[in-house]
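See structure below.
The values are calculated or read from the model by the stated rules, or taken from the named source; none is laboratory data. None of the values given here were measured: they were computed from a predicted structure. Cβ sites come from the backbone with ideal geometry, for glycine too, and all protein chains shown count toward neighbours. Protein only, heavy atoms only, side chains kept; ligands, DNA and RNA dropped before computing areas. Shrake-Rupley method; radii C 1.70, N 1.55, O 1.52, S 1.80 Å.
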Amino acid sequence: MPPLPLTNALQTALPPLSATSRAVVSALACCNGHAASANEIAAWVGLRDRHQLARGLRRDGLPPLEQLAGWARVLYWVLEAESGDRSLLELARREQLDPAVAYRLVHRVTGLRWSQVRRAGLAAMLARFREGCPDRATTRTPVAAAAPRDRPSWARCEPGWAQPRRASLGHPAAVLSERLLVAGNPFDVAIAADGTAYLTRVHAAAVECLELAPFRLTGSIATGSAPTAVVLSASSRVAYVTNQFTEEVAVIDLSRLRQSGTIPVRGHPLGAALSPDGRKLYVVTNLDRLCTISLDARRVVASVPVPQVCTGLAQDVVVSADGLTLYAANEAGWLDAIHLPTGRPLAQVQFGTAALSLAVSPDEAVIYVGLLFAGRVVQIDRPTLRVLGSLGTGGKPRRIAFDGAGRTALIANEAGWVDLVR
């Protein structure tokens with residue numbers, strides 16, 4: 001079952017929480033109660049350490065992290081049991097967990113046997129969970145979102161805003177040139193006009209700054225929890241980052257390397273794309289909605305329902321410059337080419353494994369397709385759709401970005417690095 005039903009159940013059952021505590025609950029729901037260490041969860045939501053995390057949960061009237069994770073896991077099992085009439089024995093074995101450990105966890109968290117929990121049902125268990133989380137709204141001090149961290153001068157990446165010299169567009173020679181290790185599950189990457197790159201770190205509540213020549217890390221910008229997509233303004237002076245678990249879009253001042261503001265969004269914002277005039281940001285959320293944000297007003301001005309939202313919005317679907325052909329990466333294992341005026345399929349390139357990320361070189365000569373579970377990025381000749389070769393990145397390649405001239409590409413890898421392709 002996707003984490004969304006569990007997230008909704010937990011958030012609905014709880015009293016009003018601070019943004020950081022909501023992020024903690026969302027993080028636990030995202031992994032169905034399989035909590036990492038307290039320090040890892042703290043880093044995920046942008047806190048210093050497990051001690052700050054524990055104080056924040058206590059101020060919001062929440063139980064300690066271990067107990068909160070236990071409740072998340074038990075409620076996940078109840079949801080699974082009710083949706084598919086599954087036994088706890090079956091659920092435990094599916095997770096490769098000793099059934100005896102699962103039964104003990106249920107009793108320790110709820111005070112009831114599993115048979116009693118099943119008879120009571122989800123609503124009763126949510127009420128029981130809520131009873132253990134008293135509303136302390138009149139006495140608690142909300143946990144402030146993590147303040148941007150000051151960096152020493154040597155760690156700052158101060159982008160220059162001079163316009164680059166015009167150069168003919170091209171594409172990389174498809175050689176894995178260099179690699180930088182980056183912790184915190186790198187996901188999305190964008191390259192500014194001056195050659196500075198920005199990389200989201202989903203489990204570190206930060207956006208990393210990189211220089212392409214020489215290829216190195218130059219600083220970090222603190223964000224809200226689970227930063228996912230990063231979109232640069234036309235001037236490259238501002239970045240917009242979707243912070244999933246704090247339910248907001250962060251506005252990043254790239255000249256100061258600080259989060260200068262946030263735009264609230266209902267639900268967890270995932271993918272994002274900028275309008276051609278640069279005045280609107282389109283964001284999809286886990287509530288299956290496409291939101292239009294006015295960047296002048298800094299608020300959502302419209303939204304429409306869209307089915308089966310994913311983390312991609314215009315990054316895994318690319319339209320040719322002439323507007324005639326659409327290319328779409330398909331999780332079922334192929335790339336589609338579609339003639340837009342007629343909607344007629346033109347061709348399909350099979351990979352035999354999930355194709356999740358897609359980018360086209362600035363000269364439109366080559367398509368890069370990321371094969372997440374194969375640890376490869378395939379290069380395809382765009383005019384003929386012939387496979388030219390592949391880059392063995394290993395790990396789990398995520399988003400791909402080209403520089404403006406098309407001489408260089410970056411590949412974010414969830415396994416903990418970013419690759420430079422020349």
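Against the definition (surrounded by fewer than 16 Cβ atoms within 10 Å (Cβ to Cβ), more than 17 Å from residue 175 (Cβ to Cβ) and hydroxyl-bearing (Ser, Thr, Tyr)), how does residue 353 come out, yes or no? Lay out the reasoning, then the answer.
Working: surrounded by fewer than 16 Cβ atoms within 10 Å (Cβ to Cβ): no; more than 17 Å from residue 175 (Cβ to Cβ): yes; hydroxyl-bearing (Ser, Thr, Tyr): yes.
No: the conditions fail for residue 353.
Do any strands (runs of 3 or more DSSP E) entirely within region 205-259 hold 2 or more residues that are open to solvent by 10 Å² or more (accessible area, probe 1.4 Å) and within 21 Å of residue 296 (Cβ to Cβ), and if so, which?
Working: elements: 206-212, 215-222, 227-232, 238-243, 248-253.
So the answer is 227-232, 238-243, 248-253.
Name every residue in region 234-272 that is among the polar types (S, T, N, Q) and touching an Asp or Glu at 6+ places or on another chain (Cβ under 6 Å), in order of residue number.
Initial filter on region 234-272 (among the polar types (S, T, N, Q)): 235-236, 242-244, 246, 255, 259-260, 262.
Once the filter is applied, which keeps residues that are among the polar types (S, T, N, Q) and touching an Asp or Glu at 6+ places or on another chain (Cβ under 6 Å), region 234-272 yields 260, 262.
Quick one: residue 330 ticks every box in (1) within 20 Å of the chain's Cα centre (by Cα); (2) without any contact (Cβ under 8 Å) to a residue 24 or more places away in the chain; (3) open to solvent by 40 Å² or more (accessible area, probe 1.4 Å) except a single one, so which number is it?
Failed condition: (2).
Do you know which of the residues in region 1-37 that are open to solvent by 20 Å² or more (accessible area, probe 1.4 Å), touching a helix residue (DSSP H, G or I) at 6+ places or on another chain (Cβ under 9 Å) and not in a loop (DSSP other than H, G, I, E, B) is modelled with the highest pLDDT?
Result: 22.
Within region 18-57, which residues are among the aliphatic types (A, V, I, L, M) and under 18 Å from residue 286 (Cβ atoms)?
Narrowing region 18-57 to residues among the aliphatic types (A, V, I, L, M): 19, 23-25, 27-29, 35-36, 38, 41-43, 45, 47, 53-54, 57.
Scanning region 18-57 gives 19, 23, 24, 25, 27, 28, 29, 45.
Taking residue 65 and the conditions (1) open to solvent by 10 Å² or more (accessible area, probe 1.4 Å); (2) hydrophobic (A, V, I, L, M, F, W, C); (3) farther than 25 Å from residue 269 by Cα, which numbered condition does it fall short on, given that it satisfies the others?
Status for residue 65: all satisfied but (3).
Among the residues that make up region 111-126, is at least one of them open to solvent by 40 Å² or more (accessible area, probe 1.4 Å), in a helix (DSSP H, G or I), at pLDDT 90 or above and among the hydroxyl-bearing types (Ser, Thr, Tyr)?
yes
If only one of 101, 45 is over 27 Å from residue 228 (Cα atoms), hydrophobic (A, V, I, L, M, F, W, C) and open to solvent by less than 80 Å² (accessible area, probe 1.4 Å), which one is it?
Values: 45 fails: over 27 Å from residue 228 (Cα atoms).
Exactly one residue qualifies, and that residue is 101.
Does region 260-296 hold any residues that are within 30 Å of residue 31 (Cβ to Cβ), among the hydroxyl-bearing types (Ser, Thr, Tyr) and open to solvent by 30 Å² or more (accessible area, probe 1.4 Å), and which are they?
262, 282 - these are the residues of region 260-296 that are within 30 Å of residue 31 (Cβ to Cβ), among the hydroxyl-bearing types (Ser, Thr, Tyr) and open to solvent by 30 Å² or more (accessible area, probe 1.4 Å).
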